[in-house]
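Structure, as structure tokens:
The values are calculated or read from the model by the stated rules, or taken from the named source; none is laboratory data. Predicted, not measured: the structure shown is a model, and the values here were computed from it. Glycine also receives a Cβ, built like all others from the backbone with ideal geometry; neighbour counts cover every protein chain displayed. These area figures cover heavy atoms from the full protein model, side chains too; ligands, DNA and RNA do not enter into them. Shrake-Rupley method; radii C 1.70, N 1.55, O 1.52, S 1.80 Å.
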Amino acid sequence: MPFGPTFGKKLLTKEDDARIVEAIGRAEQGSRGEVRVHLERKCTREDPLDRAREVFDMLDMYETEEQTGVLLYVSLEPRVCCVFAGQGIHGAAKPGFWDGVIDRVASGFGGGEAARGLLEALDEIGKLLREACPGEDVHGNELPNTITTS
């Protein structure tokens, strides 16, 4: 889904980065899910979902024990966002759920508040993870809680 123009010289501050990393951890709490955020200057595929699938693989998100990885992918050129989820989580979402997550990101970016949009999207993803794969993460934190970029 396209979103509004980027703003300023810097997309996220160090404080924003820290808040987003904390939000990734909160999204994973109480579930067996793993979440990553990937920001990219330019999408290298015609279909951003194809690129998100590549990034999902590149970040070894298929390697989670229960296939419960969720990638929130954002490209600045073109201005698009999509979510790619592993087999253990994708089908658990109700129709329109992923569009709602993307709308949160688009609203934040479009309003000049990229961090807010990402934080709200991560909150929604966390709710789904706690519904779809609740419980103690017996496999531990399988993926680092970081924002990746390319």
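Which of the helices (runs of 4 or more DSSP H) found entirely inside the stretch 53-137 contain at least 3 residues meeting this: of a type in the set (A, V, I, L, M, F, W, C)?
97-110, 114-132
The residues listed here are GLY100, GLY117; of these, the one that is touching a Gly at 6+ places or on another chain (Cβ under 6 Å) and either open to solvent by less than 50 Å² (accessible area, probe 1.4 Å) or more than 18 Å from CYS81 (Cβ to Cβ) (or both) is GLY117. Name, by its number, the condition in (1) touching an Asp or Glu at 6+ places or on another chain (Cβ under 8 Å); (2) at positive phi that does not hold for ARG104. Of the numbered conditions (1) touching an Asp or Glu at 6+ places or on another chain (Cβ under 8 Å); (2) at positive phi, the odd one out for ARG104 is (2). Of the residues making up the stretch 41-88, those that are touching a residue at least 40 places away in the same chain (Cβ under 8 Å) and closer than 15 Å to ALA106 by Cα number 9.
Scanning the stretch 12-70 for residues that are of a type in the set (S, T, N, Q) and either under 13 Å from LEU119 (Cα atoms) or buried (at least 19 other Cβ atoms within 10 Å of the Cβ) (or both) returns SER31, THR64, THR68. The C-beta contact set for the stretch 111-125 (first residue over 19 Å from GLU34 (Cβ atoms), second residue surrounded by 18 or more Cβ atoms within 10 Å (Cβ to Cβ) and among the aromatic types (Phe, Trp, Tyr), distance under 6 angstrom, 6+ apart or interchain) comprises GLY117/PHE109.
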